[in-house]
Amino acid sequence: MKTNLSVDGDYFKNQIKTLRKKLNECMVTGILDDDFEDNLTKLSQMEETLLTELIPYYRTSLDNTKKTSMKINSIKKLGASSFNGFLKSTLRINEKLFITSSIDGNVQFFYIDIVDTFYDGTQIQQEWTLPIKEIKEAVSYIYKLSPKEILLFGVRGGLYIISSDNFDQIPNVNGEIKVKSLQVNSCINDFGRCLAINDSLFIVESGEERLNLLELTKEKDEYSLIFHKDIYCNIPNWTVLEKISCNYFVVGTKTGQLYFIKYENNKLTITESFNFLSEEIRKIKRLETGDGDNNSLMVMGNNGQIGILSLSEDTEPKLIKTQLNDLKGNLFDIQSKKGTAVILSEDGIIYLFEEDFGSWHLNLDTTMENVFFTNVLALDTSRYLLMDVDGNLNLLDIDRIDTKEDLFNLPLYG
């Protein structure tokens, strides 16, 4: 494969030889050129750029001696509290703190920490809080309003703002968390599937086929919600939503259709729709490349059906890539971070997709079978959290070349 690098390799090597020659001369004369350190710094920066750009070339090379692999490890649990039931919704508040809701109506925090140990070097630990006693219904959607405030949509119509002065640590829910109920200017009996399309607007389920606009306002530190009953669109047999960009989102259906919808001029407008899968769409997720871009959508559903949509610069759907037929079972959950995407199948299979040069591909060699998990959550680069049927968290560790340090530390000969 022809390399396309921003740094000229021959120039880089010649500069190294030149600096080596000057260093050897310095060892004889004791005189070092005034610009030696500056040139050395520039070369170090060029080396970092080269190594970073070479990562995908190495990963896709036939001579690659380090193959990507996956491993599941248990996570040590601290404290007496735990999670029981199945996850209904989750929000990552910051690097270490998450908030969850179970289908049984328990809203809890959990804290993930990486600590140094004498024997293992590093160890990941988890700690759960008690449920928040003021909330007694399952929460369908959780949204972070600010570093100190979180909005929760209850399945029985409750709206709550929970706040804390310190979300940097795991909170004491009986002393450090404040819970306040909000009212809506409409009779909404429940909040089912919801989606934030910007900082103050939400798309909410209001009837079997209807999506309505809900607006969050704030005046004198007081929040209120306005239900816009006249701003809506009807989508038959819809199943899932995913935000694409500000005021722009996509909806999947039971019949495999995709609807792209924009909110503008006080209207929800379907800008495009087409058949994408022949089965029910179970999940839509934006994929994050190694550079942090989110220019692709993964759409997945029953009977192993999956496909990827590329988005152009203005985020309109542009290209439908070839759908894959190598997957098994009903695909129901996915998370993506920094060039990887992990998918769960109801058949107890974990699939891994990887991104190189902006394109995503299925790594069948890493597929794990007979491992049944209910949810996957992104943790950090090449690390995901898996929840099992007993509510226990496990660490999925993907061993791959991710950074320039990984590449630099590889042995010269396999």
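Any residue that is open to solvent by less than 30 Å² (accessible area, probe 1.4 Å) and of a type in the set (A, V, I, L, M, F, W, C) - is there at least one of those in region 112-121? First the steps, then the outcome.
Of all residues in region 112-121, those open to solvent by less than 30 Å² (accessible area, probe 1.4 Å) come to 112.
Restricting the remaining residues to those that are of a type in the set (A, V, I, L, M, F, W, C) gives 112.
Taking every residue of region 112-121 in turn, at least one turns out to be open to solvent by less than 30 Å² (accessible area, probe 1.4 Å) and of a type in the set (A, V, I, L, M, F, W, C).
Could you check how many residues of region 223-238 are part of a strand (DSSP E or B), over 17 Å from residue 153 (Cα atoms) and either in contact with an Asp or Glu (Cβ under 6 Å, 6 or more places away or on another chain) or open to solvent by 30 Å² or more (accessible area, probe 1.4 Å) (or both)? Step through it out loud before you land on a result.
Here is the first cut: in region 223-238, the residues part of a strand (DSSP E or B) are 223-234, 238.
Remaining after also requiring over 17 Å from residue 153 (Cα atoms): 229-234, 238.
Of the ones still in play, those that are also either in contact with an Asp or Glu (Cβ under 6 Å, 6 or more places away or on another chain) or open to solvent by 30 Å² or more (accessible area, probe 1.4 Å) (or both) are 229-230, 232, 234.
The total comes to 4.
When we screen 215, 176 for residues that are in contact with a Ser or Thr (Cβ under 7 Å, 6 or more places away or on another chain), in a strand (DSSP E or B) and open to solvent by 40 Å² or more (accessible area, probe 1.4 Å), the only hit is 215. Filtering 278, 206, 273 for residues that are surrounded by 19 or more Cβ atoms within 10 Å (Cβ to Cβ), more than 24 Å from the chain's Cα centre (by Cα) and of a type in the set (Ser, Thr, Tyr) leaves a single hit, 206. For region 146-161, the tally of residues that are touching a strand residue (DSSP E or B) at 6+ places or on another chain (Cβ under 6 Å), without any contact (Cβ under 8 Å) to a residue 40 or more places away in the chain and part of a strand (DSSP E or B) stands at 3. If you take the residues in region 338-377 that are part of a strand (DSSP E or B), out of contact with any Leu (no Cβ under 8 Å at 6 or more places or on another chain) and open to solvent by 20 Å² or more (accessible area, probe 1.4 Å), which one is modelled with the lowest pLDDT? Only one residue tops the list, namely 359.
Among the criteria (1) farther than 22 Å from residue 200 by Cβ; (2) out of contact with any Ser or Thr (no Cβ under 8 Å at 6 or more places or on another chain); (3) surrounded by 21 or more Cβ atoms within 10 Å (Cβ to Cβ), the one residue 249 does not fulfil is (1). If you go through region 187-199 and pick out every residue that is among the polar types (S, T, N, Q) and either open to solvent by less than 40 Å² (accessible area, probe 1.4 Å) or touching a His at 6+ places or on another chain (Cβ under 9 Å) (or both), you end up with 1.
The values are calculated or read from the model by the stated rules, or taken from the named source; none is laboratory data. The structure presented is a predicted model; accordingly, all values stated were derived computationally and were not measured. Cβ atoms come from the backbone with ideal geometry, glycine included; neighbour counts cover every protein chain shown. All accessible areas refer to the heavy atoms of the entire protein, side chains included, with ligands and DNA or RNA removed. Shrake-Rupley method; radii C 1.70, N 1.55, O 1.52, S 1.80 Å.
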